[in-house]
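Accompanying notes for the structure given below.
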Amino acid sequence: MARTVLISGASIAGCAAAWWLGRNGFDVTVIEKASEFRDGGQNVDVRGVGRKVLRLMGLEDAALALGTGEKGIAWVDENDDVVAKIVTEKLGADGPTAEMEILRGDLSRLLYEPARARADFRFGETIKSVSPASGGISVNFERGTKEEYDILLVAEGVGSSTRDLVFSGQNNPRWMDMTMAYFTIPREEGDDRLWRWFNAPGCRSVSIRPDMHGTMRANLAIHRKNGDEASWDQSRQKAWLRKEFRDAGWQTPRVLDAMGTTQDFYLDVLRQVRMPRWSRGRVVLLGDAAWCVTPLGGVGATLAICGAYVLAGELATNGDVEDAFRKYENVMRPFVKKAQGIPKIVPRLVHPRTRMGIAALHGVLRIMASQSLQKVSGGLFAGNAEAVDLPQYPALSI
């Protein structure tokens, strides 16, 4: 049975895979291009089967304790008056805000800390090239070293360079016509525990969300055909956002001012990863590198956690690596297909072009947020986090 595994990427998917594989006797090495472990990042949520996996790992209560404290979502007008609101505790279930709402970096660290007891983490390292080796894979690193492993697990994220190296030309991305920027801003007196969402004419939105670190998480979004903004340097990206949002109103000046000094600015042009297959020989894809659903899908973290569990379970059970990869894909593919099925008209509908369109959106939101429809509406925002029956793997040590 294959025993040595190289994981490229130390975020949610990579750390979860390292936890399961390291715990079950695999010799695991994790590399990450960042020079140190990356804390920070925006909100993610874990729902349904994702929470079941965290429960198996003994980490569910800890994840809940690290929650952002967000209580729900409020859509506001330019005067900060609430036009519609959904509060999670009134739903009796997850809604736009999940019960387990947590920052990406906090969840990653929760997985990383126990994983590093059984895996070797190397920061500031990237893959230069890969090639088949006798019964495994040979990896050349950018630092000039060369090593062989039984398995290469790629968990690098939506823009994975190793995926594009091994599976050249196979990704057929589905562009979602959304450009989004995320960053942390200072908390101010008057900020509450709600996710506050403001729409501005021109298919723009601005939102701020609470965290448990004494700061707020900001988001700027524009609905438009995909461009090359993600390839620009940060100074150009920020200058472009200042121009695009200079007249947006509401708390936008506060957000733009804080953007100048934030330490965790990130901009992306949203696209789903669409791969015909997730493995080739001894190389396998996991998480966003395999199937990014974008934040619009609502279950990215759940998919990453479940995928790590299923992949580890199949590898622990099956001595045939390539067959284990096929079975992992057979389990996860239907879940991913449903998560990626969000109609492209949805981001357009929630980002109206005109003030009249915004007024119409607010009218619909008031109806959806009414007492009689809140549970139905909450389900629409929550995504389908129960779309897979998780196998049980007796071979896994839990």
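The table below lists the values:
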| read-out | value |
| --- | --- |
| Spin-label proximity, Arg274 to the stretch 343-357 - amide N less than 19 Å from point 7 Å beyond Cα toward beta carbon | 343-348 |
| Distance (nanometres) between label positions extended 7 Å along Cα→Cβ at Lys344 and Trp232 | 2.3 nm |
| Debye log10 I(q)/I(0) for the stretch 85-125, one point scatterer per Cα, at q = 0.25, 0.31, 0.33, 0.35 Å⁻¹ | -0.86, -1.02, -1.06, -1.09 |
| 13 Å beta-carbon shell around Trp195, net charge (K/R +1, D/E -1) | 0 |
| Estimated FRET transfer efficiency (Phe123, Arg246; beta-carbon r; R0 56 Å; 0.05) | 0.90 |
| Nitroxide proxy distance, nm - points 7 Å out along Cα→Cβ at Arg109 and Gln392 | 3.6 nm |
| Cut-off 10 Å between beta-carbons: net charge of the residues surrounding Gln340, Lys and Arg +1, Asp and Glu -1 | +4 |
| Calculated FRET value between Asp80 and Asp164, using beta carbons and R₀ = 45 Å, to 0.05 | 0.55 |
| Cα-Cα over 23 Å, subset of Lys33/Lys128; Lys52/Lys85; Lys52/Lys337; Lys33/Lys243; Lys52/Lys327; Lys33/Lys146 | Lys52/Lys85; Lys33/Lys243 |
| Ranked packing of 60-68, 178-186, most packed first, by mean Cβ within 10 Å | 178-186, 60-68 |
| The chain: C-alpha pair distances exceeding 39 Å, % | 17 percent |
| Separation between Cα centres of the stretch 295-371 and the stretch 144-215, rounded to whole Å | 14 Å |
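We did not get these values from a lab; they are worked out from the coordinates using the rules stated. The structure presented is a predicted model; accordingly, all values stated were derived computationally and were not measured. Cβ coordinates were reconstructed from backbone atoms using ideal geometry, including for glycine residues, and neighbour counts include every protein chain displayed.
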